[in-house]
Amino acid sequence: MANELNRDTYLSKHVGDFAGTCVINGLTYEKVDDLRYGTNPHQCAAYYRPVGQSCVIGDMQILKNGKSGLSQTNLEDISYALNIVKFFDIPACAVMKHVNPSGAAVRCGGESLKAVYLKARDADARAAFGSVIAFNTEVDAETAKEIMSTFCECVVAPAYADGVLDIFNDGETYKLNKHIRVIRCGDPRKLPRYVGDDIAGRNTMTVLADGSVVLAQPLMTRLHSVADLVPAEAENKRCGVQKSAHRATPDQLEDLLFAWYVNLSVRSNGVVITRHGQTLSVGTGEQDRVGAIEQAVAKFSQKYQGVETLQGAVMASDGFFPFADGVEVAAKAGITAILAPSGSLRDADVIARANELGVALYYAPERIFSHH
């Protein structure tokens with residue numbers, strides 16, 4: 001109790017440290033609100049938006065607040081979740097935890113939005129506890145009831161059907177989740193997605209330990225559709241010219257593109273394993289490529305042992321394979337198609353080994369490291 005009082009006293013003392021407006025990269029920003037805290041409870045934080053611009057996140061409406069307001073981590077999770085679902089014209093859902101997706105999903109066939117949400121949540125149901133959930137479409141009543149059945153921090157979507165807010169406000173029926181925060185955002189598909197989109201005022205900013213600042217263009221992709229997925233081809237002195245001898249099925253190509261879009265919001269080194277419009281496992285934050293794959297495979301085995309296998313799944317890697325060991329680990333687990341950038345001196349060796357293992361290997365036109 002004493003520590004809590006000390007924290008509250010500290011926050012109330014320092015909350016005024018954040019001015020009402022500030023200028024960054026030539027743009028004027030206005031304060032939206034002081035936050036509950038920053039990344040941790042003893043860190044003050046405030047939330048700003050650029051003046052005079054329409055903002056998908058900056059203009060969002062809090063339809064239901066929890067026991068207290070938003071934290072910096074809540075906002076970061078909202079941003080990265082919307083950064084995933086923005087790519088899809090079909091219903092999509094991303095479940096974020098600690099600024100990494102615990103699961104994501106898109107509609108396949110005639111699936112309901114509830115089914116899409118369940119695919120995203122149950123991709124890693126344990127990690128989804130206390131998560132932030134984002135949609136790119138209107139949330140209906142059946143989906144809302146399912147959301148309220150387990151604990152989560154926030155749900156964000158561009159619209160909510162009639163009566164849905166009554167469900168989110170029903171703290172008597174859904175006691176576990178009575179403090180859920182419900183937020184209406186703008187259309188996520190208005191966010192920049194592809195290289196060449198308008199990024200005015202959207203440079204990312206990293207503040208270094210001494211206060212120095214790095215400004216950078218936001219991470220976007222050149223992959224617009226499955227037509228942009230190119231079978232791997234490379235040449236070196238050891239192997240000569242090597243071309244991928246295997247092809248993914250049409251459904252696998254869609255899953256490869258889905259995995260790539262999710263991987264844009266995964267901390268590097270990152271890999272995303274998917275099947276039928278659902279992430280099966282996400283390997284993230286490893287210092288080596290094969291370690292990220294091993295982590296993802298092990299995570300799937302630990303959490304879903306005896307339920308199903310990775311046979312026929314596909315995988316996207318945010319960086320190239322320096323050796324063939326990453327492809328070997330993936331193939332051993334049952335993965336049969338992989339999307340990754342080229343760039344290794346051993347690209348031809350990796351393609352040759354993928355051919356031996358029966359893996360369809362595709363090249364992306366860029367690396368997508370994210371060091372958030």
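Every condition in (1) surrounded by fewer than 21 Cβ atoms within 10 Å (Cβ to Cβ); (2) touching a residue at least 40 places away in the same chain (Cβ under 8 Å); (3) among the hydroxyl-bearing types (S, T, Y) is met by Y362 except one, and the failing one is (1).
Condition check for A296 on (1) among the small types (G, A, S); (2) farther than 22 Å from C108 by Cβ; (3) part of a helix (DSSP H, G or I): one failure, at (2). Which of the strands (runs of 3 or more DSSP E) found entirely inside the range 224-282 contain at least 2 residues meeting this: under 24 Å from Y80 (Cα atoms)? The qualifying strands (runs of 3 or more DSSP E) are 271-275.
Consider the range 125-143 and keep the residues that are touching a Lys or Arg at 6+ places or on another chain (Cβ under 9 Å) and among the hydrophobic types (A, V, I, L, M, F, W, C). The one that is surrounded by the most Cβ atoms within 10 Å (Cβ to Cβ) is V132. Considering each residue of the range 164-185 in turn, none proves to be part of a strand (DSSP E or B), of a type in the set (D, E) and assigned by TED's automatic domain parsing to the domain that holds V116.
Of all residues in the range 346-372, those being part of a loop (DSSP other than H, G, I, E, B) and either of a type in the set (A, V, I, L, M) or touching a helix residue (DSSP H, G or I) at 6+ places or on another chain (Cβ under 9 Å) (or both) number 6. Of A94, A81, which residue is assigned by TED's automatic domain parsing to the domain that holds N136, in a helix (DSSP H, G or I) and either hydrophobic (A, V, I, L, M, F, W, C) or on the phi > 0 side of the Ramachandran plot (or both)? Sole residue among the options that is assigned by TED's automatic domain parsing to the domain that holds N136, in a helix (DSSP H, G or I) and either hydrophobic (A, V, I, L, M, F, W, C) or on the phi > 0 side of the Ramachandran plot (or both): A81. Filter the range 8-36 down to residues that are of a type in the set (A, V, I, L, M) and farther than 24 Å from S68 by Cα and give me whichever is modelled with the lowest pLDDT. Only one residue fits best here, namely I24. Scanning the range 37-60 for residues that are farther than 25 Å from A159 by Cα and either in contact (Cβ under 8 Å) with a residue 60 or more places away in the chain or part of a loop (DSSP other than H, G, I, E, B) (or both) gives Y37, G38, T39, N40, P41, H42, Q43, C44, A45.
Taken over the range 220-266, residues that are closer than 19 Å to V327 by Cβ, within 19 Å of the chain's Cα centre (by Cα) and of a type outside the set (A, V, I, L, M) amount to 3.
Figure legend. Inter-residue proximity from the range 20-36: first residues at positive phi and in the same structural domain as S71 (by TED's automatic domain parsing), second residues modelled with pLDDT under 90 and surrounded by 13 or more Cβ atoms within 10 Å (Cβ to Cβ), beta-carbon distance below 6 Å, spacing 6+ or different chains. Indicated pairs: N25/N203.
When you scan the range 64-71, do you find a residue that is assigned by TED's automatic domain parsing to the domain that holds R184, more than 27 Å from E138 (Cβ to Cβ) and at pLDDT below 90, even just one? So far as the range 64-71 goes, yes, one or more of its residues are assigned by TED's automatic domain parsing to the domain that holds R184, more than 27 Å from E138 (Cβ to Cβ) and at pLDDT below 90. The residues listed here are V297, V241, V314; of these, the one that is surrounded by 16 or more Cβ atoms within 10 Å (Cβ to Cβ), touching a residue at least 60 places away in the same chain (Cβ under 8 Å), more than 14 Å from A364 (Cα to Cα) and in contact with a strand residue (DSSP E or B) (Cβ under 8 Å, 6 or more places away or on another chain) is V314.
Taking the stated definitions as given, is E142 more than 17 Å from the chain's Cα centre (by Cα), outside the structural domain of G283 (by TED's automatic domain parsing) and either modelled with pLDDT under 95 or more than 18 Å from R189 (Cβ to Cβ) (or both)? Against the criterion (more than 17 Å from the chain's Cα centre (by Cα), outside the structural domain of G283 (by TED's automatic domain parsing) and either modelled with pLDDT under 95 or more than 18 Å from R189 (Cβ to Cβ) (or both)), E142 qualifies. Kindly indicate whether any position in the range 282-305 is aliphatic (A, V, I, L, M) and over 21 Å from the mean Cα position of the chain (by Cα). No, there is no match, as no residue in the range 282-305 is aliphatic (A, V, I, L, M) and over 21 Å from the mean Cα position of the chain (by Cα).
Within the range 20-55, restricting attention to residues that are touching a Lys or Arg at 6+ places or on another chain (Cβ under 6 Å) and surrounded by 17 or more Cβ atoms within 10 Å (Cβ to Cβ), the residue that is farthest from L191 (Cα to Cα) is A46.
Restrict the check to the range 59-72 and report whether at least one residue is surrounded by 20 or more Cβ atoms within 10 Å (Cβ to Cβ) and under 24 Å from I368 (Cα atoms). Looking for residues that are surrounded by 20 or more Cβ atoms within 10 Å (Cβ to Cβ) and under 24 Å from I368 (Cα atoms), one finds none in the range 59-72, hence no.
The set of residues in the range 272-297 being of a type in the set (A, V, I, L, M) and touching an Asp or Glu at 6+ places or on another chain (Cβ under 7 Å) consists of V290, A292.
The values are calculated or read from the model by the stated rules, or taken from the named source; none is laboratory data. All of these numbers come straight from a predicted model, not from anything done at the bench. Ideal geometry is used to build each Cβ from the backbone, glycine not excepted, and the neighbour counts take in all protein chains shown.
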